Amino acid sequence: MSFGMVDTNIEVGPEPLTFDQVVAVARDGATITLTGEALKGMAATRAHIDELSARPTPVYGVSTGFGALATRHIAPELRAKLQLNIVRSHAAGSGPEVEREVVRAMMLLRLRTLASGRTGVQPVTAQTLAALLNAGITPVVHEHGSLGCSGDLAPLAHVALALIGEGFVRDAAGELKPTADALAEAGISPVALGEKEGLALLNGTDGMLGMLVLAIRDLHRLLTAADVAAAMTVEALLGTDRVFAADLQDLRPHPGQATSAANLRALLDDSEIMESHRGPDCTRVQDAYSLRCSPQVNGAARDTLAHAELVASRELASAVDNPVVLPDGRVESNGNFHGAPVAYVLDFLAIPAADVASMSERRTDRMLDKARSFGLPPFLADDPGVDSGHMIAQYTQAAIVSELKRLAAPASADSIPSSAMQEDHVSMGWNAARKLRRTVDGLAQVVAIEILTAARALDLRTPLRPGPATGAVVAKLRERVPGPGPDRYLAPEIAAATELVRNGDLVAAAESVIGPLS
């Protein structure tokens, strides 16, 4: 999938949002404009809800209670109180604040569902949510509270709480404020919720979907960086690149594997180090699996990512609410809020991410072991025994990898019944998303440590020079991190390398020489 530039203003209507648009609003502060089509559709649907509300026959979500309390018919004079109560009572999260980019993604995705015209909200409610995004006002949402069914209830309730002027938010500068104060400063009036609007604001998979889209963006970048790391290590360990040949890869036609192998071939092209051991005296027919099978592992991770993109694209095209207002005017209960489709791929992605990190750590370990590094000093130390080199950097990798293996256990395989057994099977998709964010963060650090170590090893192969692409990566890293020498304070160097991996600068350095990597 390609993530390109998008406009700084995003038009939101009934049509699906793109991955780029979600990232632009969540991370880059792009603003929102509701389309005329969206406003017209919401007004028409709202008129139907108002008509149903006036009827004596109970309609779920319009004139009844919710969940296990859906059997009670609510008198008209109590319905405004009902909408306030559902938002207040469901805003029951606890724990640390969720990241701003996650909350903004969740707000945008809920707005898109409102703009679909299938929820029955007043247009002013959607306009107010758009105004919060445009003003940079971010409701305080907490880590714990969502079971992923009916959607992300508690996190979305904290967003809805801000719409009615209650709770706490952070303003555009990140300052924590009472919502009423922040709205007043921004010139935004709180919403007076009408029938059904409480449910419409809460019933969605928007939190877990937003985190999935952001993780997909990050994993695209990290899997390319993992190929860069693998190529640098193959080069540093005097490995063979013959196993990456296209005709060998074609024997097993997985697209991700072909992509990864093509990256490795391009990265290793024209390397003096590789050429130095291609002669008849070379006995390196087979390298260890962590080198030889890099395309198979990194490629399978890419294929898993492609499946996750397919699921995410379907969810981005969905209008998730319960009940929904259909084009013919029917108001129908449904189970589309169940997070299983999103939860499964959130869990699925954590598995290859952990495995790519595990293979990266194994390659790093080989560069540090004198018995397996083909002439490199122990731990790449300047004066082994006096200096420890990168010994403990690999410990850090190992600790992270161990944690990633634990995070690869699925959240979606668990379920805890709630709401007096009305909601007797839940997806745990929010939990799957939260642990995937930790996994993505860990993968970035592990890959960065491999690149940091491989760069040091390549420098130690002087006077032989690495390939133009890997040499450009080393040069970019050297702008922030010095070359080999006596032991130094390593944590800042790991942090710098991690930042360069996360922001794509190291991959861009290679691409500046050989063109785009996939």
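The values are calculated or read from the model by the stated rules, or taken from the named source; none is laboratory data. Since the structure is predicted, the reported quantities are computational estimates derived from the model, not experimental observations. Note that each Cβ is placed from the backbone with ideal geometry, even for glycine, and that neighbours are counted across all protein chains shown. All accessible areas refer to the heavy atoms of the entire protein, side chains included, with ligands and DNA or RNA removed. Shrake-Rupley method; radii C 1.70, N 1.55, O 1.52, S 1.80 Å.
Here are the numbers:
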{"read-out": "Close pairs (6 angstrom Cβ cut-off, 6 or more residues apart or separate chains): of a type in the set (Ser, Thr, Tyr) in segment 22-45, open to solvent by 50 Å² or more (accessible area, probe 1.4 Å) and part of a helix (DSSP H, G or I) anywhere", "value": "Thr31/Asn134"}
{"read-out": "Qualifying positions in segment 369-385 - outside any helix (DSSP H, G or I) and touching a Pro at 6+ places or on another chain (Cβ under 8 Å)", "value": "Asp369, Lys370, Pro377, Asp382, Asp383, Pro384"}
{"read-out": "Qualifying residues in segment 433-481 (those that are polar (S, T, N, Q) and open to solvent by 10 Å² or more (accessible area, probe 1.4 Å)) - the one nearest to Leu380 (Cα to Cα)", "value": "Thr462"}
{"read-out": "All positions within segment 108-124 that are among the small types (Gly, Ala, Ser) and farther than 16 Å from Lys40 by Cβ", "value": "none"}
{"read-out": "Close pairs (6 angstrom Cβ cut-off, 6 or more residues apart or separate chains): in contact (Cβ under 8 Å) with a residue 24 or more places away in the chain in segment 105-129, assigned to a helix (DSSP H, G or I) and acidic (Asp, Glu) anywhere", "value": "Met106/Asp206; Leu109/Asp206; Arg110/Asp206; Val121/Glu197; Thr125/Glu197"}
{"read-out": "Matching entry among Thr439, Thr453 (being out of contact with any His (no Cβ under 7 Å at 6 or more places or on another chain), among the hydroxyl-bearing types (Ser, Thr, Tyr) and at pLDDT 95 or above)", "value": "Thr439"}
{"read-out": "Considering residues of segment 363-377 that are crowded, with 19+ Cβ neighbours inside 10 Å and within 34 Å of the chain's Cα centre (by Cα) only, the residue farthest from Gly299 (Cα to Cα)", "value": "Leu368"}
{"read-out": "Test: residue in segment 335-355 that is within 30 Å of Ile49 (Cβ to Cβ), free of Cβ contacts under 8 Å to residues at least 24 places away in the same chain and either in a helix (DSSP H, G or I) or not hydrophobic (A, V, I, L, M, F, W, C) (or both)", "value": "yes"}
{"read-out": "In segment 69-83, residue nearest to the chain's Cα centre (by Cα) [restricted to those that are assigned to a helix (DSSP H, G or I) and surrounded by 16 or more Cβ atoms within 10 Å (Cβ to Cβ)]", "value": "Gln83"}
{"read-out": "Filter result (over 19 Å from Asn336 (Cβ atoms) and touching an Asp or Glu at 6+ places or on another chain (Cβ under 8 Å)) within segment 109-134", "value": "Gln122, Thr125"}
{"read-out": "Odd one out for Ser518 among (1) open to solvent by 20 Å² or more (accessible area, probe 1.4 Å); (2) in a helix (DSSP H, G or I); (3) within 26 Å of Ala258 (Cα to Cα); (4) not basic (Lys, Arg)", "value": "(2)"}
{"read-out": "Residues satisfying the stated conditions in segment 380-419, i.e. in contact with a Phe, Trp or Tyr (Cβ under 7 Å, 6 or more places away or on another chain) and without any contact (Cβ under 8 Å) to a residue 40 or more places away in the chain", "value": "Met391"}
{"read-out": "Filter result (out of contact with any Pro (no Cβ under 8 Å at 6 or more places or on another chain) and aliphatic (A, V, I, L, M)) within segment 140-170", "value": "Val140, Leu147, Leu153, Ala154, Leu156, Ala157, Ala160"}
{"read-out": "The one condition in (1) at pLDDT 95 or above; (2) open to solvent by 10 Å² or more (accessible area, probe 1.4 Å); (3) over 22 Å from the mean Cα position of the chain (by Cα); (4) more than 23 Å from His390 (Cα to Cα) that Ala510 fails to fulfil", "value": "(2)"}
{"read-out": "Count - residues of segment 94-113 that are buried (at least 20 other Cβ atoms within 10 Å of the Cβ) and within 21 Å of Cys149 (Cβ to Cβ)", "value": "10"}
{"read-out": "Verdict on Ala398 being assigned to a helix (DSSP H, G or I), surrounded by fewer than 23 Cβ atoms within 10 Å (Cβ to Cβ) and among the aliphatic types (A, V, I, L, M)", "value": "yes"}
{"read-out": "Boolean, Gly504 is touching a Lys or Arg at 6+ places or on another chain (Cβ under 6 Å) and surrounded by fewer than 18 Cβ atoms within 10 Å (Cβ to Cβ)", "value": "yes"}
{"read-out": "Of all residues making up segment 378-395, the number that are out of contact with any Gly (no Cβ under 6 Å at 6 or more places or on another chain), open to solvent by 40 Å² or more (accessible area, probe 1.4 Å) and under 15 Å from Arg488 (Cβ atoms)", "value": "5"}
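This table checks each residue for (1) open to solvent by 30 Å² or more (accessible area, probe 1.4 Å); (2) in contact with a Ser or Thr (Cβ under 9 Å, 6 or more places away or on another chain); (3) among the hydrophobic types (A, V, I, L, M, F, W, C).
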residue	(1), (2), (3)
Val285	yes, yes, yes
Pro295	no, yes, no
Asp303	yes, no, no
Ala308	no, no, yes
Pro323	no, yes, no
Arg330	yes, no, no
Tyr344	yes, yes, no
Phe348	yes, yes, yes
